[in-house]
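In what follows, a structure is listed as structure tokens, so that the remarks can point back to it.
The values are calculated or read from the model by the stated rules, or taken from the named source; none is laboratory data. Because the structure is predicted, anything quoted here is derived from the model rather than measured. Ideal geometry is used to build each Cβ from the backbone, glycine not excepted, and the neighbour counts take in all protein chains shown. The protein model used for the area step is the full one, side chains on, heavy atoms only, and it has no ligands, DNA or RNA in it. Shrake-Rupley method; radii C 1.70, N 1.55, O 1.52, S 1.80 Å.
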Amino acid sequence: MGYSKRQFVLAAFEETGLASYAFDLNPAQIESGVRRLDTMMADWNAKGVRLGYPLPNSPQFTDIDAESNVPDSANEAIITNLAIRIAPSYGRALSVDTKITAKTSFNTLLARATMPKEMQPHGDLPRGAGQKSIDQPFISSPDTTVDAGPDGQIDLY
């Protein structure tokens, strides 16, 4: 069972130094944190870091206590990067350690999400001895699809 959205927000507030005052956080502040969490995860999703986080269609339809479904390896990146986004709103300055942790953990997520582009042969490369054809003596030209992330391709035809 993974973190819920509320747990991510409370952990981010803890990282900013506001955790000892958790009883002072009103529901509007927690909802604001969840909205920031949703926008951060949507931004990461657009960058190709797809973690299985349930993105709502609208801020009004987000369930604060819904399980996030993200892998455990992403928890630190989510918490520390959310703390960086929340801290200025409350006049907090984060430690350098938190910022370094946020950067390195996000880079780890990027490295896991990155897939090297498949190398395509040029259209002027002759076919090998076992694959020659009278009609096509050269290897066909490269694939012209656009990569839409690790889960599919978009065809431009």
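Taking every protein chain into account, the 1.4 Å probe leaves E15 with about 70 Å² of accessible area, to the nearest ten. Accessible area per residue was computed with a 1.4 Å probe on protein heavy atoms; L109 scores about 10 Å². Counting only Cα atoms, the size of region 1-117 along its three principal axes is 49, 35, 25 Å, in decreasing order. Only protein heavy atoms count here; under a 1.4 Å probe, K5 has an accessible surface of about 10 Å². Label-to-label distance for E31 and T108 is 3.5 nm, based on points extended 7 Å past Cα in the beta-carbon direction. Report the FRET efficiency, 1/(1 + (r/R0)^6), for K99 and S4, where r is their Cβ-Cβ distance and R0 is 25 Å, rounded to 0.05. Using R0 = 25 Å, I get an efficiency of 0.50.
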